[in-house]
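> Pasting a structure here, questions to come.
We did not get these values from a lab; they are worked out from the coordinates using the rules stated. From a predicted model like this one, the values you see are computed outputs, not experimental measurements. Glycine also receives a Cβ, built like all others from the backbone with ideal geometry; neighbour counts cover every protein chain displayed.
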Amino acid sequence: MLGLIVQLLLSYALIYYFDSRRLEVLGWMPNQKRVTDFFIFLMVSMGTCAMGFVFRILFAQESWVLNPAFDLLLLLKGVWWNIKSVLFEELIFRGVLFYLLIKWLGKINALLISSVSFGIYHWFSFEVWGNIPAMVQVFLTTSIVGCLYAWGYAKSGSLYATIAMHLGWNVTQGFAFSSGSIGRGIWILAKPSPQITVGYGTYFLIFYLPMLGFIVLNFLLLQYRNKKGSQLIL
């Protein structure tokens, strides 16, 4: 929590010094459209992420069971951990620095810098540094998703949709289905896990179609929801 407060204070100082504006450039004040956007993008992101685990159950014969240690306290801790993580990353990669990059370098260059930085950051957060195939895979997926998040902010002039997309995917993958770094969440993979050989088509269906659906659906939603919305104009 202290880290988020420090980020906000630094963001305030940066935007005030370089642009003489306040944190409203992040579109943080709630209104009906922003709150509605948040819940729409959250549900779509959670649904597309969960689709991958449904495919794993259907085609890889995995079995997921309710965590016997699951209770309200665990739920609150897991959700709060993900909220802090998402806010931390959003304030770094799509916050005031990204706004200033758009102003100084233009949207395209700012998008590229934000996306590449987001991809490189995940080499270390996913602990794949030195594993070249994993580094390539992580960089491609996270930089493309990072570009979607950054474009979402530039398109809407607000972080609501961006935070919702990011949170929806992370909380589903990392906590609902216990596939993240915080340990057991709501559902856990029953042991022993089956050893199933699948074809390339099924592998793509399980691991990449959900991500593709996440990117395409959220992109189209951003287009639709912001036809007459308040884009970030500099």
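> Output the 0 to 90 degree angle, nearest 10, between the alpha-carbon long axis of helix 32-59 and the longest principal axis computed from the alpha carbons of the chain.
On a 0 to 90 degree scale, this one is about 20.
> Find, among the trypsin sites (Lys or Arg not before Pro) in region 1-58, those assigned to loop by DSSP (not H, G, I, E, B) with at most 15 other beta-carbon atoms within 10 angstrom.
Numbers: sites: 21, 22, 33, 34, 56; in loops: 21, 22.
Sites meeting the loop and neighbour criteria: 21, 22.
> Let a ≥ b ≥ c be the square roots of the eigenvalues of the Cα gyration tensor of region 2-225; is it rounded (a/c under 1.5), or, if not, prolate (a/b larger than b/c) or oblate?
Values: a/c = 1.87, a/b = 1.63, b/c = 1.15.
The shape class here is prolate.
> In the chain, how many lysine pairs have Cα atoms under 17 Å apart, counting only pairs 8 or more places apart or on different chains?
7
> Which angle from 0 to 90°, rounded to the nearest 10, does the C-alpha axis of helix 96-105 make with the longest principal axis of the chain?
60 degrees
> Express in whole angstrom the spacing between the alpha-carbon centres of region 141-159 and region 1-47.
Between the Cα centre of region 141-159 and that of region 1-47, the gap is 13 Å.
> While we're on this one: With everything on Cα atoms, drop me the angle between helix 209-225 and the longest principal axis of the chain, reported from 0 to 90° to the nearest 10.
Between helix and principal axis, roughly 30 degrees.
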